[in-house]
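Accompanying notes for the structure given below.
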Amino acid sequence: MRILNFILSHSIFIAFCAGALVYQSYLLLDLPFRPEVFGLVFFATLAAYNTYWMLCKLSNDNKEKRPLTFSAYSGYFILFVASTIAVLDYLWQMPSFFPIVTIASILTFLYLLPVISSVKFRLGKNTGFIKTLLLAFTWSFFTVLIPAYGEIVAHLNEVISLFFMRFFFMLMLCVIFDSRDVSIDKLRNLPSIATDFSKKTLTIIMLFVLVGYVLSLFGLHQFVGNSIYMFLLLLVGSLTFIIYLLALKNRGYYFYYFLVDGLMILSALSLYMATI
């Protein structure tokens, strides 16, 4: 159980989720799988999320005036350093990916900016949805455009359709997490889509996002042409909305960091099983 907690709390599991979506992108775009790109996205995700958790913990410790000790940050810091070295090594081997990874890094920094306590970065009232949209967009960028890099022009329509499908899927997951963190975000003065809208309005928004996801699947089907893939993705999208409804009540740690995040792996695994 301690090992599982470490894997979840230090974002190793969610890095595998990102890698799973990379694999799914290769399947849907009918491109040969590249393990080195899987590794690049895996370690980039690991670096980004451990940075995020370090910043959150640092912000909390400063507010509560707790003494800063390296042991409290050591796990996050070691994984951040190791994964950053791995990303740099992949970029050394694949220098053509440097521009797109730089853009992805800028998107990540923009998302992290409000968490940095020394930066008084706050938007106006009812603009928290920008943070949620940015996170969904960044995930889509990492898991669609990086795997498709070098093939985007040749598969432009497929890539655009897949990007929209992935964006709506990730947006549903982001809303689930934002709805969980609404009380904490209000205390931290960190706006999100859940702090801007009531639960009733948020549910209506989720319905519209689900409709967007379904419509994007129809658009993707025109290029992918695999009805089994589309049916499985439709099931995963429907399951995501059901889990959102379950999340309206208080749920535990594993519900979010294993079940909700695990929907990404389920989405990719279901398509893999269809190829066997």
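The values are calculated or read from the model by the stated rules, or taken from the named source; none is laboratory data. Because the structure is predicted, anything quoted here is derived from the model rather than measured. Reconstructed Cβ throughout: ideal geometry from the backbone, glycine too, with neighbour counts over all protein chains shown. Protein only, heavy atoms only, side chains kept; ligands, DNA and RNA dropped before computing areas. Shrake-Rupley method; radii C 1.70, N 1.55, O 1.52, S 1.80 Å.
General remarks:
- Qualifying positions in the range 142-173 - open to solvent by less than 20 Å² (accessible area, probe 1.4 Å) and over 22 Å from F218 (Cβ atoms): I146, P147
- Of all residues in the range 211-238 being open to solvent by less than 50 Å² (accessible area, probe 1.4 Å) and among the β-branched types (V, I, T), the one that is nearest to D261 (Cα to Cα): V236
- Within the range 24-35, considering residues that are open to solvent by 60 Å² or more (accessible area, probe 1.4 Å) and not hydrophobic (A, V, I, L, M, F, W, C), the one farthest from H221 (Cα to Cα): P35
- Options F208, F163: the member that is at pLDDT 85 or above, closer than 26 Å to L266 by Cα and touching a helix residue (DSSP H, G or I) at 6+ places or on another chain (Cβ under 6 Å): F163
- Breaking point among (1) open to solvent by 50 Å² or more (accessible area, probe 1.4 Å); (2) in a helix (DSSP H, G or I); (3) in contact (Cβ under 8 Å) with a residue 12 or more places away in the chain, for L248: (2)
- Of F208, F241, all but one fail to be closer than 16 Å to C174 by Cα, in a helix (DSSP H, G or I), open to solvent by 80 Å² or more (accessible area, probe 1.4 Å) and aromatic (F, W, Y); the exception is F208.
- Tally of residues being more than 14 Å from the chain's Cα centre (by Cα), part of a helix (DSSP H, G or I) and either closer than 13 Å to A268 by Cβ or in contact (Cβ under 8 Å) with a residue 40 or more places away in the chain (or both) across the range 25-51: 11
- If you filter the range 182-195 down to residues that are open to solvent by 30 Å² or more (accessible area, probe 1.4 Å) and in contact with a helix residue (DSSP H, G or I) (Cβ under 8 Å, 6 or more places away or on another chain), you find that the one that is modelled with the lowest pLDDT is K186.
- Residue that is farthest from Y23 (Cα to Cα) [pool: residues in the range 211-244 that are polar (S, T, N, Q) and at pLDDT 95 or above]: S238
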